[in-house]
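J.: I'd like to ask some things about the structure below.
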Amino acid sequence: MPVPADKRIILITGTMSHDFPGGQKLTVTGATNGIGLDTTIFLAAASPANHIIMGARSLTKAETKLSEVHAQKPKGSLSYVQLDVNDDESISAAVKKIKEDFGRIDVLVHNAGVCPESMTQQFTPRQMMRDTFETNVYGVMVLTEAAFPLLKASKNPMVINVRRGWVASQHLTQAWTLPTLCFPTRTSVGRPIA
């Protein structure tokens, strides 16, 4: 899909679902639902200079949501790419497709994440913590590293990390939140990193 060079290329990471043993339900959001979908709609409506790439595990869901957003007649343009932040092959394929189609990423919005819907236990089971870190920490880091060359190709690259309150406030101390990554982009708080 040819996109004019003056458009901002924005990738919003995709959705996933996961049930932990014992029936723990997770609330998961990406570009096709929740905050990610709202962000997609807002950024697409905000400016004709924005091109939003919706990252999604399910292509069927991505196509449906893309049609719904297009029906709202946004000023900007949209497309989607299959992306599962817990699958290295999926990350590689998505980055390759974005490179072929756009040559860069101007804004990477890390929105895919997992968060227990309700906690009945005081402490988090070990497997739940592993699965949460797999998505919310390792997925973010692996995708950012894979997308780094495309971010470097941008004149003004930015990485935005959407954090889930559960990790920082209820079960882990602030010391356990994802540290700022040392990439020459902007963090979610907008501080330039050298």
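J.: Tell me the net charge near TYR138. Cut-off is 11 Å between Cβ atoms, TYR138 excluded, with +1 for each Lys or Arg and -1 for each Asp or Glu.
T.: Local charge sum for TYR138: -3.
J.: OK, next. Could you work out the local net charge near SER67, counting Lys and Arg as +1, Asp and Glu as -1, over the other residues with Cβ closer than 15 Å to its Cβ?
T.: Charge balance near SER67 sits at +1.
J.: Quick check on segment 44-119: take the gyration tensor over C-alpha atoms, sort the square-rooted eigenvalues as a ≥ b ≥ c, and tell me if it's rounded (a/c under 1.5), prolate or oblate.
T.: Oblate, because a/c is 1.5 or more while a/b does not exceed b/c.
Every number in this text was worked out from the coordinates using simple rules, so none of it is lab data. Just so you know, these numbers come straight off a predicted model, no measurement behind them. Quick reminder, even Gly has a Cβ in these numbers, built from the backbone with ideal geometry, and neighbours come from all protein chains shown.
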